[in-house]
Amino acid sequence: MLHYTFAQRPTTTVPDHSPLANHGQVHGNVAWKDGAVSCAAKGAHIAVPKAKGFDFGAKAFSVRATVTVPKLPKGLAHIAMGQYPGNTLGWQLYVSHGGHVFFNSRTTDLMYRGARSDTALPVGRPVTLLGVRDDFGRVRLYVDGALQQGTSHDAFFSYPTPIQVRVGTQFDGSASFPGSIHEVAVFRRALSPTESVAHALARFWAPLRRTQ
């Protein structure tokens, strides 16, 4: 339902390669370099008001992103998130103070249910992150295809049409992501471990193929 790649420099719009055409609106000084974008500048982000297909209800969804950081952020750094009526913090894929990656959803009472990476985000290379909320309310996180031990459950919030989906910051422009975002994709289903591994391996092997 959403698939952004940044092989070409974005102008005022980032094209969505999914069938739903959730084209992103570029705000502020979004920087582009080597097939990735940075929202490190104050006010820089990509937003999709009332994005189509993000009304998950209580069903499964997955959020995948490939990112690189030159160093670990000192504060919270948001890669992607969805803001909803009555649920401002919606779902989130972000990096915490200590460099750990989190993916979270909510319970029906809006309680946080998050999955945490086993270690801090790798520095200086692309890493593929995948967060999943499945049909059973479980929340899981994969890093380069590897399932992380920190998981959660009871994330049964029923998501309606969002106020916005945002890439690069929190909903209000805070907690900007300081590194490079190569790709962001969201799916209306739980991606399988096999699919997660395949995407991570493709990212790993592509540079090697170019040198052969």
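The peptide list 15-28, 160-173, put in order of mean Cβ contacts within 10 Å with the highest first, becomes 160-173, 15-28. Within the straight-line cut-off of under 17 Å between alpha carbons, the lysines reachable from LYS42 are LYS74, sequence neighbours fewer than 8 places apart in one chain being disregarded.
Give the value in nm², to one decimal: projected area of the alpha carbon convex hull of the stretch 2-211, averaged over all directions.
On the way: hull surface 42.3 nm².
For the stretch 2-211, averaging the hull's shadow over all directions gives 10.6 nm².
Dividing the summed -39500 (n - 2.57) terms of all DSSP H runs of n ≥ 4 by the residue count of the chain sets its mean residue ellipticity at 222 nm at -3000 deg cm²/dmol.
FYI, it's all coordinate maths here, none of it is from the lab. On a predicted model such as this, the values are computed, not experimentally measured, just so you know. Using ideal geometry, Cβ is built from the backbone for each residue, glycine included, and neighbour counts are taken over all protein chains shown.
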